Amino acid sequence: MAERGTIVAVAQLALAVGDLDGNREAARAAVAEAAVAGAQLVVLPELSDSGYVFSDADEARSLASLAGSGTTLREWQSLATKHGLTIAGGFCERGAAGKLYNSAAIVDAAGPRAVYRKVHLWDTEKTIFTPGDEAPPVVELPFGNVGLMICYDLEFPEWVRLTALRGADLIAVPVNWTASGSPTPPGQRSGEVVSAQAAASSNGVFIAVADRCGTERGVNWLGGSVILRRGGYPAAGPVCADRATVLTATIDLQLAKDKRISERNDLFADRRLDLYAQLWDMA
């Protein structure tokens, strides 16, 4: 018997910095493939339109798109309309006063439902992008509430907890996980995937991660795309392979509304906010 719920897809893509046409074609093909599989939500990687390894801010600016009327989000709206689904993906945003943002959006047939600017910038991103200053959005969709954050944001437990407390059933996470850190021991999952599993488990939410694959200007991508259940176990993936692919899984997002993990324990009700206040005194 087929599992009841929503079909979610994550698209692991091989992209190239500066190849706007090729990158958008890769996204189009992945969305079409996901649609054939019945996906209602498709997650694309971080900076999926522009590529990631910029030589400098000027190059990033030449590849950036406006959030309101830019080519990337208009195309996603067209794809969402054509295939009857919702897209969550990362794009390079040109904002006011020449500012650049590492952004992501949730887009359906009606257009952008939310735009999020990455708050926690990684490494050389700090030399190119302006950090966002708003909490991750949570969008109510017909199949459930979808939150949105980007890559390094997922490493901050407070940020994931905030998104869960705001009602997210699933968190869509466009990422560009590099394979340049400590080598993953044979038979083990990367630290990035393990961290995502912990975030799903400790917050009782589903998490859908869309990663990159291949190599870009000497940077190797991890290829760790994964769809995680609310308990932290994979429903699909992780891929951890040097190939483009579309993963799908059928998940019941309504399960994320119940934070009970035993007869007497609840992930949210058991919090000791009276003691956690000490954290803010130490900040």
Worksheet entry | Point-to-point label distance, residue 243-residue 25, nm (Cα→Cβ direction, 7 Å offset) | 2.2 nm
Response to the item:
Here the FRET efficiency for residue 165 versus residue 110, based on Cβ atoms and R0 = 30 Å and rounded to 0.05, is 0.70
Practice prompt. Identify the trypsin sites (Lys or Arg not before Pro) of the stretch 185-273 meeting these criteria: DSSP loop state and at most 15 other C-beta atoms within 10 Å of the C-beta.
Written response: 217, 243, 264, 271, 272
Response to the item:
Sorting 231, 92, 196 by the position of each Cα along the dipole of the chain (Lys, Arg +1; Asp, Glu -1; all at Cβ), the one nearest the positive end of that ordering is 231
Response to the item:
antiparallel share of DSSP beta bridges within the chain, to nearest 5, in %, is 70 percent
Discussion item. At 0.36 nm per residue, and after removing the present C-alpha to C-alpha distance, how many nm does the segment from residue 71 to residue 280 gain when stretched out fully?
Written reply: 71.1 nm
Discussion item. Within 10 Å, at most 16 other Cβ atoms, and a DSSP state outside H, G, I, E, B define an exposed site. Report the longest part of the chain free of exposed GluC sites (Glu not before Pro).
Written reply: 4-133
Worksheet entry | Spatially proximal aspartates and glutamates relative to residue 126 (Cα-Cα < 12 Å; intrachain offsets below 8 disregarded) | 56
Practice prompt. For residue 257, list the aspartates and glutamates whose Cα falls under 17 Å from its own Cα; do not include residues on the same chain fewer than 8 positions away.
Written response: 140, 169, 266, 270
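No value in this document is a laboratory result; all are computed from the given coordinates. These figures come from a predicted structure and were not determined experimentally. Backbone-built Cβ (ideal geometry, glycine too); neighbour counts: all protein chains shown.
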